[in-house]
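The values are calculated or read from the model by the stated rules, or taken from the named source; none is laboratory data. These numbers were taken from a predicted model, which means no experiment stands behind them. Counting neighbours? That spans all protein chains shown, and the Cβs are built from the backbone with ideal geometry, glycine included.
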Amino acid sequence: MKHLALFISMATMTLTMQGKVKKPVYQDPKAPIEQRVEDLLGRMTLEEKVGQMNQLVGIAHFKENSATMSTADLSTNTANAFYPGVTVKDMEEWTKKGLVSSFLHVLTMEEANYLQRLNMQSRLRIPLIIGIDAIHGNAKCKDNTVYPTNIGLASSFDVDMAYTIARQTALEMRAMNMHWTFNPNVEVARDGRWGRCGETFGEDPYLVTRMGVATNRGYQRNLDSAEDVLGCVKHFVGGSQPINGTNGAPADLSERTLREVFFPSFKAALQQGGDWNVMMSHNELNGIPCHTNRWLMTDILRKEWGFKGFVVSDWMDIEHCVDQHRTATDHQEAFKQSILAGMDMHMHGPEWVRSVVELVKEGHISESRIDESVRRILTVKFRLGLFEQPYGDAKTRDKVINNPVHKQTALEAARNSIVLLKNEGNLLPLDMKKYKRVLVTGINANDQNIMGDWSELQPEEKVSTVLKGLRQIAPSTDFQFVDQGWDPRNMSQAKVDEAVEAAKSCDLNIVCCGEYMMRFRWNERTSGEDTDRDNLDLVGLQDQLIRRLNETGKPTVLIIISGRPLSVRYAAEHVPAIINAWEPGQFGGQAVAEILYGKVNPSAKLAMTIPRGVGQISTYYNHKKSAFFHPVVCGNSEPLYPFGFGLSYTTFAYSGLSLDKTKIKAGSNESVNATITIENTGTRDGVEICQLYINDVVASAARPVKELKDFKRVALKAGERKTITFEIPQEKLAFYDIDMKYGVEPGVFEVLVGGSSKDSDLKKATFEAVK
Ligand code: BGC
């Protein structure tokens, strides 16, 4: 075997005129990447080329699921797979022949190295690129750092933190010999029923854009070193506003809405974060599946935005053109449609290579079209330094993953992502002397679920649950824990009764409610990918638990752990203190406890509106002006808590909003500076997230009531004042006019600055753009 490999690699060498053996250009790290790509492409067979467009699930994943899944499960499951009729040996042989470009769902460095070693037996030794959903840290892998999920990170409005987390994740991934993360998710989440809100940066296009750019740039930088990983800007597009709130359901969105709301974050994350990879979205968009959508993949991405990276399909979604969208009769036809529309790599499955090779041989797809895709994929592999460094080593891995610096970042990020929604009578921070015996209960009181979707179980000692955090931060308090189990759907009435009984002898209640997201219990979850709801209420007996504890008359604090907004109406009205912790990650419990006991002053603001109920899913703050012309009857048109809202233990006063100009010339490069003073009027140091919104008062096409256009995290000591300035360049005023032309229309603009998107929290000034 060894001899054969040697012979093969010798065959790739070229003899010089002098008879000396010279390495092929593509193996020369000093040669320009374009030359390496062309040299390699010129040596490849059609099968090897199509193999570069081919991805499979990892072998351990395959083995595990072959044993536990049925063929029927495969058609609906988008997280687990095996290939009926295929053996591990088949997968290994394909890899050795260079017919696999990438594996996903490989969870250990050992497996990544193993697959790479097999692959290095192939004729041309083109390294594998290992992909993984490192959505909030490389959390699917044991012992890697688990940061808060994107919705919490967005609620910190901390763009630098997003960059830092992405960098640290890249280092941990490379140490695990993993090279491609399927993040950032830059979808604008507009429907809380959709289980994936937690992996997005929320409902606002500008905030999503800022976080998406920072994250993608953090992963990739220039994508030119062995410390970078490939980011994946996903899912293109519209799946975050599915018609019935369920994952993968059709989206029907006008071109105006796409361009105003959904496209900007994709365009910016690519153009400013590094345009190397995009994943298409499960759904059909305006009747055409995204995976065969030429308008999206070719006209918008390539021609309009000049995208130069490669497009990857989402999990078996090309195949879903056959069984879901019904726009192709068989997989081969769907593959053809998809490639001709602009697809470059297939996630994932064993049919691709044979089927696509046949399509080329029969003349349905040109080989030059295949070459285009292969060029894009090879370019990324060269840039990542995979040819030079295809393996990982245990020593580096153990030094890098979950190291003290990364842990500190995860803790800091958790502290900054937790939103204080209500604090009646200043119940918080808790008085340790007053509340000596404290009841702790609820499904999320002591469970790894605090880490959120996209993380697997981690060693117990690495995860700080709320109960652990409380015991760490308030060691002299007597915490009485009544376990409600992890499963909101199957709570026990006896356990709820037990908690209510226990409350009688306690001074205070801490109830940790919310959703269940852990992936290893795929079918039992209530939130996360493919886990959508038809309402936003608390599942099971949780509402009863909160109500009955509150009715004991003991002060009650509600902690919500969830990736989606939950309509906690009863608590909003009756429970004195509410904390929305989102999915705060590995150190979530410690951060919650530090906030409860005032060691940390909360600063986060909601990245997504919390509606009163499911009927209010469209109360995102940047709705059009006529949206509530007729308010609802028998109810309230205002959401429970609006976008941008969050309390602190101190108070902030805004004053003196002023603009340096009252008139600018529309379409020129003149900008306006808005200046405002913020004062910390309370007795504690704090951080205020100051938000700037713009309202285009009258326009040729209907505009939102306001749109976030800038923000700053401002740290203020007790009693301190700071004057801050925002620059408003004209691109922040531009929109698609009545003729879909992008630009600034003459007219009056309102500048709104303050501590939330609520009108009453905003100071207002106006200027005019004149002809
Ligand atoms: C999800 C993607 C993910 C992929 C691989 C799909 O089901 O939609 O976001 O990257 O699986 O895990």
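What to note about this one:
- If the condition is being under 21 Å from residue 117 (Cα atoms) and of a type in the set (D, E, K, R), then region 44-69 contributes 47, 48, 49, 63.
- Filtered by the rule that a residue be hydrophobic (A, V, I, L, M, F, W, C) and closer than 16 Å to residue 571 by Cβ, region 501-518 gives 503, 508, 510, 511, 512, 513.
- Of all residues in region 311-323, those that are over 25 Å from residue 183 (Cα atoms) and touching a residue at least 40 places away in the same chain (Cβ under 8 Å) total 1.
- Region 99-137, subset hydroxyl-bearing (Ser, Thr, Tyr) and surrounded by 21 or more Cβ atoms within 10 Å (Cβ to Cβ), residue nearest to the ligand (Cβ to nearest atom): 102
- Residue count for region 307-351, restricted to those that are farther than 30 Å from residue 272 by Cα and within 16 Å of the ligand (Cβ to nearest atom): 7
- Residue check for residue 274: within 16 Å of the ligand (Cβ to nearest atom) and modelled with pLDDT of 95 or more: no
- Matching residues in region 134-159 - criterion: being touching a helix residue (DSSP H, G or I) at 6+ places or on another chain (Cβ under 6 Å), in a loop (DSSP other than H, G, I, E, B) and either over 18 Å from residue 465 (Cα atoms) or free of Cβ contacts under 8 Å to residues at least 60 places away in the same chain (or both): 134, 138, 156, 158
- Only one of the listed residues (89, 140, 96) is within 16 Å of the ligand (Cβ to nearest atom) and among the basic types (Lys, Arg). That residue is 140.
- Which numbered condition residue 73 fails, given (1) touching a helix residue (DSSP H, G or I) at 6+ places or on another chain (Cβ under 8 Å); (2) among the charged types (D, E, K, R); (3) within 16 Å of the ligand (Cβ to nearest atom): (1)
- Members of region 430-469 found to be part of a loop (DSSP other than H, G, I, E, B) and surrounded by fewer than 19 Cβ atoms within 10 Å (Cβ to Cβ), listed by number: 431, 432, 433, 434, 436, 456, 457, 459
- Filter result for residue 251 (under 27 Å from residue 741 (Cα atoms), within 16 Å of the ligand (Cβ to nearest atom) and surrounded by 18 or more Cβ atoms within 10 Å (Cβ to Cβ)): yes
- Single residue of region 731-771 satisfying the filter (farther than 26 Å from residue 202 by Cβ and under 32 Å from the mean Cα position of the chain (by Cα)) that is surrounded by the most Cβ atoms within 10 Å (Cβ to Cβ): 744
- Of all the residues in region 176-198, those that are within 12 Å of the ligand (Cβ to nearest atom), more than 22 Å from residue 252 (Cα to Cα) and either within 10 Å of the chain's Cα centre (by Cα) or part of a loop (DSSP other than H, G, I, E, B) (or both) number 3.
- Test: residue in region 625-641 that is in contact (Cβ under 8 Å) with a residue 40 or more places away in the chain, assigned to a strand (DSSP E or B) and either more than 21 Å from residue 154 (Cα to Cα) or in the same structural domain as residue 761 (by TED's automatic domain parsing) (or both): no
- Flag for residue 313 being within 26 Å of residue 265 (Cα to Cα) and surrounded by 17 or more Cβ atoms within 10 Å (Cβ to Cβ): yes
- Scope region 211-221; condition without any contact (Cβ under 8 Å) to a residue 60 or more places away in the chain and more than 16 Å from the ligand (Cβ to nearest atom); matching residues: 214, 217, 218, 220, 221
Table: residues versus (1) farther than 18 Å from residue 486 by Cβ; (2) modelled with pLDDT of 95 or more; (3) in contact with a Phe, Trp or Tyr (Cβ under 9 Å, 6 or more places away or on another chain).
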residue: 390; (1), (2), (3): yes, yes, no
residue: 395; (1), (2), (3): yes, yes, no
residue: 404; (1), (2), (3): yes, yes, no
residue: 415; (1), (2), (3): yes, yes, yes
residue: 423; (1), (2), (3): yes, yes, yes
residue: 435; (1), (2), (3): yes, yes, no
residue: 446; (1), (2), (3): no, yes, yes
residue: 453; (1), (2), (3): no, yes, no
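- Residue 302 being more than 28 Å from residue 367 (Cβ to Cβ), charged (D, E, K, R) and either surrounded by 24 or more Cβ atoms within 10 Å (Cβ to Cβ) or more than 16 Å from the ligand (Cβ to nearest atom) (or both): no
- When 566, 657 are screened for being over 26 Å from the mean Cα position of the chain (by Cα), under 28 Å from residue 158 (Cα atoms) and modelled with pLDDT of 95 or more, only 657 passes.
- As a summary of the residue check, residue 269 satisfies the conditions (1) part of a helix (DSSP H, G or I); (2) of a type outside the set (S, T, N, Q); (3) away from the ligand (no atom under 16 Å from the Cβ) except for the one numbered (3).
Matching residues to (1) out of contact with any strand residue (DSSP E or B) (no Cβ under 7 Å at 6 or more places or on another chain); (2) buried (at least 19 other Cβ atoms within 10 Å of the Cβ); (3) not charged (D, E, K, R):
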position	(1), (2), (3)
336	yes, yes, no
370	yes, yes, yes
380	no, yes, yes
398	yes, no, no
402	yes, yes, yes
414	yes, yes, yes
420	no, yes, yes
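- The sole residue among 571, 607 that is over 30 Å from residue 697 (Cβ atoms), among the aliphatic types (A, V, I, L, M) and buried (at least 16 other Cβ atoms within 10 Å of the Cβ) is 571.
- Number of the exception - residue 591 against (1) within 22 Å of the chain's Cα centre (by Cα); (2) in a loop (DSSP other than H, G, I, E, B); (3) farther than 19 Å from residue 424 by Cβ: (2)
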